[in-house]
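As C-alpha cells, the structure follows; a few thoughts come after it.
The values are calculated or read from the model by the stated rules, or taken from the named source; none is laboratory data. Here the structure is a predicted model, which means the values were calculated and not measured. Ideal geometry is used to build each Cβ from the backbone, glycine not excepted, and the neighbour counts take in all protein chains shown. Remember, those area values only see protein heavy atoms, side chains included, never the ligands or the DNA or RNA. Shrake-Rupley method; radii C 1.70, N 1.55, O 1.52, S 1.80 Å.
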Amino acid sequence: MKKTTLSLLFGVLLSLLPNQLMAWSFGYTNGEASKSKIFRVTTGGKQGACIKMDAEKLKTLKGCTIGGVEFVVGSKRTTNSQITLFVSTDLTADPVTSETATIATANVWQTATLSSPYTITGNEEAIYVGYLGEISNSYQFCSADFSQDIQDCCFAYDEGNWNDVYGRGVGAVNVRAVINDAPAFNDVLMKNIPITAYYRSGENYQVSGTILNIGSNTVTDMTVDIQVGSQPVQSMALTGLNILPGGTYDIDVPLSSSEGNLSLPVSIEVSKVNGTDGDADITDNKVSDVAYFYPSDMERNILIESFTSQTCSNCPQGHSTLHRVLEESGMTNLIQVSHHAGYEADRFTMKEDGEYCWFYGASSTFAPAVMFNRLTNTAVSSAPIVNTVQSDIERNLENADLQQPYISLSMQTTYDEATREVTLDLGIYTHTTAPSAENILNVFLVQDSIKSYQILGGSEYEHNSVFRGAVTGNAWGLLVELVPGEVTHYTTSFTLPEEIKSTYWTDESSVPELDGSIIVPTVVKDMRLVGFVAAYSSTDYNASQIYNAVEARLGENSIQSGYITGIDTPAAQAQQDCRVYVSDGIIRVSGNCDNYRVYNMAGTQMPGARINGAGIYMVRVQQGNKAKTYKVGVK
C-alpha cells in the first residue's frame, strides 16, 4: 500500500469555531492548474464548466449560503475578458443567481464574490456552480486537474447543453463554491479507480484509488476495505493522517491474473472517517469497476493516419519527423495510412480523404498532421488530429498504446493474377464489451512506393501508405455488432483495377499543375488492405476511437494472436467446404482438404494431430494448389 497526502486547501479557513467555519470552499478538484491542463468540448463560441452538489450534501449544508466562486480558466480572451458566474438548481433553466466577473489571469486561481448569495434550503435535488464565457473555439477555455474522472460531478458546456465530462480524461474541473457559515462535518469521496487500461495476463500492474476529503474537517483516521476478484477483503485501519479539506489520499491496488480473457472485479470502500460512521454522504464512499485481462500473447495494432499534400512545403519535414519518432519508439505494432487532404488536394486525393478532415474538429485544417487510432489526447489537443511535432507524436502514440483493444482481427485474402480478383475475409473476435453503443468495421486499400512530385522533395519523391479507397464502399464503414465471445465476419471480393483515378476531382483541368495525372497505376506487390474496427459517432469526433487494426498484402493472411479462444470457422473457410475443429484432444479437418499439418506458436511442426496440452496452434490446410492457415485454440 502506498499513501500520499496532499495539503491542498479548497479555500481559506477563517475564524475556526468549535462547530462552525466562517468560510469553506467545496469542489472536486485537487487544485492543480496550469496551461497544459485545459480543454474544450464544444465547437461553438461559448464555453464553460460547473460542479454539482447533490441532495445529500445539500442537506448537510442547509441554511448556509453560497457567497462566491473560485475558478480557473484557460484564457483571458473572452468578450471584454469577462465571464458569467452562476448558481443554478437546474442547468436547463435560468440560474438562481449570477455575477459578471473579470478574468485577471489565465490558468491561475481567482475568487469572485456573489453580490446576491444563494441560501441553501436543503430541499434542492442539486445545485450547480460554475462559469460561462464567450470565446473563440480556437481556445481551450476550461481548466481541470486531469486527475481521475468522477461521474456526475463535473460538467462542461457543449453547444447549448451541459454534458458530464466523465470519461474524457480531464478529471475534475477547477471550480469551487465558497460556502459561508458551513458546519464542521466529515465527508470523503472515493474517486473512480482508473482500471480501463490495457492489461494482459501474466503481467503485474498497480492502480491507485484516490480518496478526496470534501468535508470541512481534517481527516485523521479512517478504515479502507479493498477487494480484488474473489480474494478476501483486505481491511486497513489508517491512523495518524492529516488530510486537510481538499486533500487526497492514494491507495495502491496490485492487479494481476494468470488467465487471459478474464474479468477481475475491484472495489474500494471507505468507512469510519475520524473514528465514526458519521460521514455526511456515504453514497460516494465506495467505487467498483472491472479490470479485463487479455491473453498474454494478445496483439493490438495502432492505426496512424497522416494528412499531407504534394503542394505542402512543410510536409517533407513532417514526414521525416513522424518516421523518425516511430522508428525510435521501437514499436512494431504500427500501421500507417496517408490521406492527401487537410492542405490542398493533389493527384492522389480521394473523395473519402476529405471526409476524414472531420477529425480536425475545426473548419480550418492544416498539414502535415497526424492522428493515432482516432483518439483525442486531451493533454495535447481537443481533437484527434495534431501537428507532426515530436512531443505531440510521442504523447499521442503513448496514449494510444494504453487503450484497450476490445477485439482481435483476422484478415485472410486471395489474389488471382489472371483475373485480378481479390477476396477478403475479415474476422472479428470480441473479447469484452466495447464502450460504444455503435461500432463500425472498415477496410482501406493502400498503395506504397509511388514515385511522384513533392514540393521540396523533387519529382521522384516516394509516397507511401497512400489511401486509394474504402473497400466497403463507404468512407465511414459498416455497422457491426460486437458480442463478447463471438466471431463476426465481413467477406467481399473485388477486381483490382489496373489504375486508380482520383475520385476527388470532377474536372481534371482544375487540378494543380503536378508531375503526373490524377490516374495512378496500381502495382500489386505495393498494395495493402488495412482493416479496423472502431467506435462510431456521427456527431462527436472524440467518440470514434479505433480498437484494433490489421493489414495484409494482397494474397496474404494476417491473423492476430488472441484472435480467438476456441474454434474459428471463417466465412471464407465455410464457403470452401472445409472445417477445422478440435475433438477429443485431436485437431481435425473435414471437407475439401488434401492434407494438413499442425504447428505450435513457435513454428515447430507437431508429430501428429493429437494435442496433449492446451494452447494456440496453427493448422496449414492444403486444398489442391492452394494452402490456407487457420488458428485454433485447445482448452
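Dipole size in debye (nearest 20) for the chain around its Cα centre, Lys and Arg Cβ +1, Asp and Glu Cβ -1?
Values: 40 positive and 68 negative charges, 187 e Å.
Its charge dipole is roughly 900 debye.
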How many nm is it between the label spots at Val511 and Glu486, if each spot is 7 Å from the Cα in line with the beta carbon?
4.5
Once phi is turned into ³J(HN,Hα) by the Karplus curve 6.51 cos²θ - 1.76 cosθ + 1.60 with θ = phi - 60°, what whole-Hz value does each residue of segment 137-148 show in order, with x for glycine and proline?
6, 7, 9, 8, 9, 7, 10, 8, 8, 6, 9, 5
So, over other residues within a Cβ distance under 12 Å of Phe444, counting Lys, Arg +1 and Asp, Glu -1, the net charge is -2
If one takes the longest principal axis of the Cα atoms in the chain, at what angle in degrees, from 0 to 90 and to the nearest 10, does the Cα axis of helix 390-401 lie?
80
In degrees rounded to 10, the 0-90 angle between helix 315-329 Cα long axis and the longest Cα principal axis of the chain is 80
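Which net charge results for the neighbourhood of Thr308, defined as the other residues with beta-carbon distances under 11 angstrom from its beta-carbon, given Lys and Arg at +1 and Asp and Glu at -1?
Values: positive: none; negative: Glu305, Glu344, Asp346, Asp353.
With Lys, Arg at +1 and Asp, Glu at -1, the neighbours total -4.
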Please list, ordered by chain and number, the residues whose modelled amide H lies under 5 Å from the amide H of Asp187; skip anything fewer than 5 residues away on the same chain.
Ile214, Gly215, Ser216, Asn217, Ala280
Just to verify a number: what accessible area does Glu508 come out at with the full protein assembly present, 1.4 Å probe, Å² rounded to tens?
90
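Under the classification rounded if a/c is under 1.5, otherwise prolate if a/b is larger than b/c and oblate if not, where does the chain fall, given a ≥ b ≥ c as square roots of the Cα gyration tensor eigenvalues? Could the numbers behind the result be given before it?
Numbers: a/c = 2.90, a/b = 1.53, b/c = 1.90.
Taking the square roots of the gyration eigenvalues as a ≥ b ≥ c, the chain is oblate.
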Heavy-atom accessible area of Cys64 with all protein chains present, probe 1.4 Å, nearest 10 Å²?
10
Using a/c under 1.5 as the rounded threshold, could you call segment 409-559 rounded, prolate or oblate? The axes a ≥ b ≥ c are square roots of the C-alpha gyration tensor eigenvalues, and prolate needs a/b larger than b/c, oblate otherwise.
prolate
Cβ-based net charge around Val233, under 11 Å, with every Lys or Arg adding one and every Asp or Glu removing one
-2
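Once the Cβ-Cβ distance between Glu556 and Asn595 is put in as r, and R0 is 25 Å, what FRET efficiency do you end up with, to the nearest 0.05?
Numbers: r = 21 Å, r/R0 = 0.85.
Efficiency for this residue pair is about 0.70.
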Compare Glu259, Glu417, Glu203 by solvent-accessible area with a 1.4 Å probe and give them largest first, with all protein chains kept in place.
Glu417, Glu259, Glu203
When the accessible area of the chain is split by element with a 1.4 Å probe, what percent falls to carbon and sulfur?
45
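With a ≥ b ≥ c the root eigenvalues of the C-alpha gyration tensor of segment 312-462, is it rounded (a/c under 1.5), prolate (a/b larger than b/c) or oblate? Kindly include the intermediate steps, with their values, before the conclusion.
Working: a/c = 1.63, a/b = 1.09, b/c = 1.49.
Judged from the Cα gyration tensor, segment 312-462 comes out oblate (a/c at least 1.5, b/c at or above a/b).
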Given the candidates Gln151, Gly229, Val69, the one whose Cα lies deepest towards the positive end of the charge dipole of the chain, counting +1 at each Lys or Arg C-beta and -1 at each Asp or Glu C-beta, is Gly229
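Taking 0.36 nm per intervening residue step and subtracting the Cα-Cα distance, what contour gain separates Leu479 from Ser313 on full extension?
Working: separation 166, 0.36 × 166 = 59.76 nm, distance 3.81 nm.
Difference between extended and current length: 56.0 nm.
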Highest mean packing first, using Cβ neighbours within 10 angstrom, the peptides 111-119, 540-548, 316-324, 89-97 sort as 540-548, 316-324, 111-119, 89-97
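If packing is taken as the average count of other Cβ atoms within 10 Å, what order do 456-465, 50-59, 176-185 fall into, highest mean first? Please list the in-between numbers first.
Numbers: 456-465: 15.2, 50-59: 19.4, 176-185: 21.2.
Top to bottom by mean Cβ count within 10 Å: 176-185, 50-59, 456-465.
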Listed residues Ser465, Ala362, Ile393: farthest to the positive end of the dipole of segment 342-475 (Cβ charges):
Ala362
Taking Cα pairs under 8 Å and at least six residues apart, what relative contact order does the chain come out at, in percent?
11
